[in-house]
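None of the figures in this text is laboratory data; all of them are computed from the coordinates on show. The structure displayed is predicted, hence computed values, not measured ones. Cβ coordinates were reconstructed from backbone atoms using ideal geometry, including for glycine residues, and neighbour counts include every protein chain displayed.
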Amino acid sequence: MARPEAQTRPRLAWLRYLSVLAAIAPAQAHAGAWIAPEGGQEIWTNVVGERDELSFYESSAYFEAPLDARNAIVVAPWVEQNYDTQDGWRGEAIVAAKRAVTRNDTGAIAIQLGALWVSHPSEDCGEGGLEARWLAGRSLGPSAFVNVEVASRVLDGGCGGERLDLTAGLRASENWLALGQVLLDAARDGDESVKAQVTLVRFGESGRGIQIGVRTRLDGDDPEPSLVFGLWGRPGD
C-alpha cells in the first residue's frame, strides 16, 4: 500500500496546476493560492464586449515563475482598447513576490506584495503604487476547489481601492475544468463594479489549455456581455 504522502502527491500536483486559476479580475488575471508547478505557468486572456455602444477589447497575461516550493515571482500586464479615454486605451501592470504561508493536503494560504503601475490614474495621483493580496484556496474532494483573493491597492497620492475575487472550480472530466467566478472592484476614486464569469478550460495531452466562456456585469443596467478566450500553458512551451 502506498504511503499517505505518496497518495497525496498527484492530488497536490493537480491542484497546483489547475488552481493556477483563471481568476480573471476586471483587470489582470490573478492566480490562486497554490504556487505554480515546476517550469512556471502562463495564462493569456482576451475579452471582447460592448460598453455604452462602444466595443472594447481586453488583453492580459499572467506569468508565475516558482523560485522554490513556497515562493514565486508574478508578472501580470493588462490593457484595454477602445475605452472612453482621451488616448483610447488604458493599462495596468503588476510585478510581485508571492509566498505560500501555509499549505496542506486540502488547501493553501498565500500572500502577495508587488509594484503596481496604472496608465490613467486620477488627477491627484501618480501612476506608480503597491498592491497587497491575500489568497486562500481549498479543495472540495478530488475534483473541486474554491479560491478567495482579497487585494488592497494604493497609488502615489492616496488613490487606490480594494478587490475581491471568488472562484469555484470543478474538474468535469479528465481534460475539462469548469470555472465560476464573481469579481468585485471597489475603487476609492471611481465606480464600483461587480462581474460574474463562467468559463470552460479544455486541456490537451501536452498540458496546454484553451479557455472559453462569458462574462457579465451584475451592478448596473448595462450587463456588458462579453466573450472570454484564453490560452493556458507554461513559458517556452
Worksheet item: Check R234: other-chain or 5+ apart residues with amide H under 5 Å from its amide H, H built from backbone geometry?
Response: E42
Fill in: Span per principal axis, largest first, for the Cα atoms of region 4-233 (Å)
57, 33, 27
Item to complete: Report, in whole Å, the centroid distance computed from the Cα atoms of region 145-172 and region 87-109.
Response: 9
Discussion item. Going by amide H atoms built from the backbone, whose H comes under 5 Å of the H on D219, apart from near neighbours?
Written reply: V194
Item to complete: Give the order of R51, R103 when sorted by the count of other beta carbons within 10 angstrom, beginning with the fewest.
Response: R51, R103
Response to the item:
Low-density loop GluC sites (Glu not before Pro), region 34-121, at most 13 other Cβ within 10 Å, DSSP non-H/G/I/E/B, are E38, E53
